[in-house]
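Accompanying notes for the structure given below.
Please treat every number below as a calculation from the coordinates, not as lab data. All values derive from a computational prediction rather than experimental measurement. With ideal geometry, Cβ positions are generated from the backbone for all residues, glycine too; neighbour counts draw on all protein chains shown.
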Amino acid sequence: MKIANLRVRRIIIDIGSLTGIISADCLSRLKFNEGELVPVHHPIIGFGGGIVHPMGIVTLPVRVGDKEASRTLFVKFLVVSDLTAYNVILGRLTLNHIKAVIVTHLMLMKFECDGGKIRSLYGDHQASRECYLTTLKPSSWKGKKLKHPKVTDDGKAAEFVKGQVDALRSVVERPHIQAPPVGKRSGLLPSKKRKCMSIKEEASSSEEVMASMGVGLEWPEPVEVAMEICLDNYRQERTN
């Protein structure tokens, strides 16, 4: 890819970035005067999560592809002082303008040329690997790290947490009602088993009452002597 009539290498295509980014070192090699930069005041998040403050915005002519089939356009770049191993980052605005389709595992990008044809560009696997390893080094993250606000502890937070822990501990240490065990032989629920036990207790109590009254529990013996039984003529249902 050519930027301002000079071929530029080490370009990363980042669909996660909205705008294009160019390093100040690469811009100086393009013989561009940094005094012509348009100032910008909003920061960006760099590699490693550091905050990077751009130096400004510059608009440069870009040609994607070779002379036979290419796409020429003007791209706005954010200029940063250090861009680790890369010279240029192409963002979504440029990729959408050239109608690019990216296949990451093949390092292939298809785009629409000025004449309407479809052109394919392949990336350099070795250069991509070198840039990736350089980016992983913490020494290459020059941006300022995010500063987390300090929390002032006046003792109230610790007392509140301690109170919550004591309340939970008191709830856990409360005696819980254990469920009665299930019957071993019959497999009945404890309520049904208690009902059966109550019937047995009632029978035993009736036996004790009868024994205290002097009534035997044995069946009476049959009488061998024949006895005459008088029938009631007014109640015929007893004669059936």
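Using Cβ counts within 10 Å as a stand-in for footprinting exposure, how do 130, 159 rank, fewest first?
Working: 130 13, 159 10.
Ascending number of Cβ neighbours within 10 Å: 159, 130.
Structural descriptor for region 2-124: relative contact order 31 percent, calculated from alpha carbon pairs under 8 angstrom and at least 6 residues apart. Our estimate of slack between residue 104 and residue 9, defined as 0.36 nm per intervening residue step minus the Cα-Cα distance, is 32.4 nm.
Please give the net charge around residue 26, taking every other residue with its beta carbon less than 14 angstrom from that of residue 26, where Lys and Arg add +1 and Asp and Glu add -1. Mind dumping the intermediate values first?
Values: positive: 2, 7, 9, 10, 29, 31; negative: 25, 34, 82.
Summing Lys and Arg as +1 and Asp and Glu as -1 gives +3.
Against the empirical 2.2 N^0.38 Å scaling, what ratio does the C-alpha Rg of region 2-124 come to?
Values: Rg = 14.4 Å, N = 123, 2.2 N^0.38 = 13.7 Å.
Rounded to two decimals, the normalised Rg is 1.05.
5 Å is the cut-off here: which amide hydrogens, built 1.01 Å from N in the peptide plane, fall below it relative to residue 91, excluding neighbours closer than 5 in sequence? Amide H neighbours of residue 91, under 5 Å, 5+ apart: 20, 21.
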